[in-house]
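Notes to accompany the following structure.
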Amino acid sequence: MMRTPPPAAVAPPPPGDAGTVQPPPAFVQDLEIPDLVPDAGPQDAGPVKHRIVYIDRRDTWDCSGNIPVAAIRQVISQERRQVRNCYERRLKVNNTLQGNVNVRVRVGATGSVSAVQVGGSLHDSEVFSCVRNLADHWSFPAPSGGRCAVIAAPFNLTPRR
């Protein structure tokens, strides 16, 4: 006959044992829900009044001033080497880089540049950014016959042979 061992006594787990999860009570008796209180904000001001705001949409490139062509050529020829330097830096990275960079400059009443647009067939954002930063600091004679003038300056950039 085979004997079966006596059943082992299992002790209850100690209180707060990490292995046991105590279920939360079904409800808390000390919880109070306050009565509704009227809104503390301002009284209703009535219907909303709409304001009409007029925005000046005149083109910032719409200028009637003039700068003598000789003065424009002088400034552009002085800056040509710096524009070429922007191109040459990128040419070291991409030796097939070539194309046109078209710079459009809005000259304010004092002769300082107030806006710059750069584009062209070169399609290199770093050259465009470099040229835009240069053009932003160019200085022209004050335009006559208007508060501003627009100048377009094309640069044909190809590798030197």
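The condition of being over 25 Å from CYS63 (Cα atoms), among the charged types (D, E, K, R) and not in a helix (DSSP H, G or I) holds for only one of ARG160, ARG106, that being ARG160. Would you check if there is a residue in segment 80-101 being buried (at least 16 other Cβ atoms within 10 Å of the Cβ), touching a strand residue (DSSP E or B) at 6+ places or on another chain (Cβ under 7 Å), in a loop (DSSP other than H, G, I, E, B) and not β-branched (Val, Ile, Thr)? No, that holds for no residue. Select from segment 118-141 the residues that are in contact (Cβ under 8 Å) with a residue 40 or more places away in the chain and closer than 18 Å to THR60 by Cβ and list them in ascending order. Correct list: ALA135, TRP138, PHE140.
Criterion applied to SER125, SER129, SER77, SER114 was being in contact with a Gly (Cβ under 7 Å, 6 or more places away or on another chain) and at negative phi, and the one residue passing it is SER114. Is segment 119-135 home to any residue that is within 22 Å of ALA70 (Cα to Cα), part of a strand (DSSP E or B) and not charged (D, E, K, R)? For segment 119-135, residues within 22 Å of ALA70 (Cα to Cα), part of a strand (DSSP E or B) and not charged (D, E, K, R): absent.
Readers should treat all values here as calculations from the given coordinates under stated rules, not as data from a laboratory. Being a predicted model, the structure only gives us computed values, none of them experimental. No Cβ is skipped: glycine too gets one built from the backbone with ideal geometry, and neighbour counts run over all protein chains shown.
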